[in-house]
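The values are calculated or read from the model by the stated rules, or taken from the named source; none is laboratory data. Every value quoted in this text rests on a predicted model; they were computed, and no experiment measured them. Glycine also receives a Cβ, built like all others from the backbone with ideal geometry; neighbour counts cover every protein chain displayed. When the accessible area is computed, the model is the full protein with side chains, heavy atoms only, and any ligands, DNA or RNA have been set aside. Shrake-Rupley method; radii C 1.70, N 1.55, O 1.52, S 1.80 Å.
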Amino acid sequence: MYTFNLLFVIAILLLICFYSLPAYCDNLQDICPTYISPDETIFINGFPCKNPSNVTTSDFKNMMLSQPGSADEFLRSSVTIVTAAEFPGLNTLGLATARTDLELDGLVMPHTHPRSSEMMFVAKGVVIAGFIDTKGQLFQSVLRAGDVFVFPKGLLHYCLNSGFEGALIYSVFNAQNPGVVDVSNAMFGDNNSEAVKMAMAKLVSLNRVEDVRVDDDTNLNVEL
């Protein structure tokens, strides 16, 4: 009976240790560029490493963010996310990156990244960015070129162009595959649906252009 109890306690402790491990453990080697087999037979949480003898400098360079993506005609925006699947050098580093282009009056509808926080850097233009916490509180700010804003992991967030020209944003995620849950598409389907148009109108109504940086931040309670 004593042996059984001891084994039971050890098993519980092992489970606690296993589930308390971070999502991305420290690397066991310097580099591990992504290797994607054409005929995958084993599926793991992530990607296997390339043969070290086949690793080259090109594995650590990516040009997918050098040009804007294809803009959505309705939202007037494009988002390009680059993960370890497209950028081999990111594998095991717990990083991903993205580019967002906002045309005049363009916006990115509310969405979440279930596996990552996002830090965005405004390279051009004036942008309104905001997120909503689990208490329904809105945290929103007007951002200009050079400003940085962070969206905490898993929280609903959005951004829209608040200026008189196109806006450009670069983002970094602390996960090599942050994931995207598009709330509007998940609930209402087509972007042209009346519900999505109403949500867009609500976001655009928050739009304001201010010449003074002081007191740009807002901290409001909103009804969800």
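Structure notes:
- Rolling a 1.4 Å probe across all protein chains gives Thr134 an accessible area of roughly 130 Å².
- Protein-only accessible surface order, largest first, of Ser70, Ser116, Ser37 at 1.4 Å: Ser70, Ser37, Ser116
- Largest to smallest principal axis extent of the C-alpha atoms in region 119-183, angstrom: 32, 28, 19
- Computed 3J(HN,Hα) for region 106-123, one whole-Hz value per residue from the Karplus formula 6.51 cos²θ - 1.76 cosθ + 1.60 where θ = phi - 60°, is x, 8, 10, 5, x, 7, 9, 10, x, 10, 7, 7, 10, 10, 10, 10, 7, 8, glycine and proline marked x.
- Cut-off 16 Å (backbone N to label point 7 Å along Cα→Cβ of Ile31), residues of region 45-72: 49-63
- Taking all protein chains together, Tyr170, Tyr35, Tyr158 sort by accessible area into Tyr35, Tyr170, Tyr158, largest first [probe 1.4 Å].
- Heavy-atom SASA rank of Asp133, Asp59 (probe 1.4 Å, accessible area, largest first): Asp133, Asp59
- In nm, spacing of pseudo-spin labels at Glu73 and Val150 (7 Å Cα→C-beta vector): 4.0 nm
- His111 contributes an accessible area of around 20 Å² to the protein surface, as traced by a 1.4 Å probe with all chains present.
- Taken over region 35-188, the ratio of Cα radius of gyration to 2.2 N^0.38 Å equals 1.13.
- For Thr34, the solvent-accessible surface with a 1.4 Å probe is about 10 Å², rounded to the nearest 10.
- Phi angles across region 173-180 convert, under the Karplus curve 6.51 cos²θ - 1.76 cosθ + 1.60 with θ = phi - 60°, into 3J(HN,Hα) values of 10, 9, 7, 7, 8, x, x, 9 Hz, Gly and Pro given as x.
- The modelled label-to-label distance between Met63 and Val183, using points 7 Å beyond Cα along the C-beta direction, is 3.8 nm.
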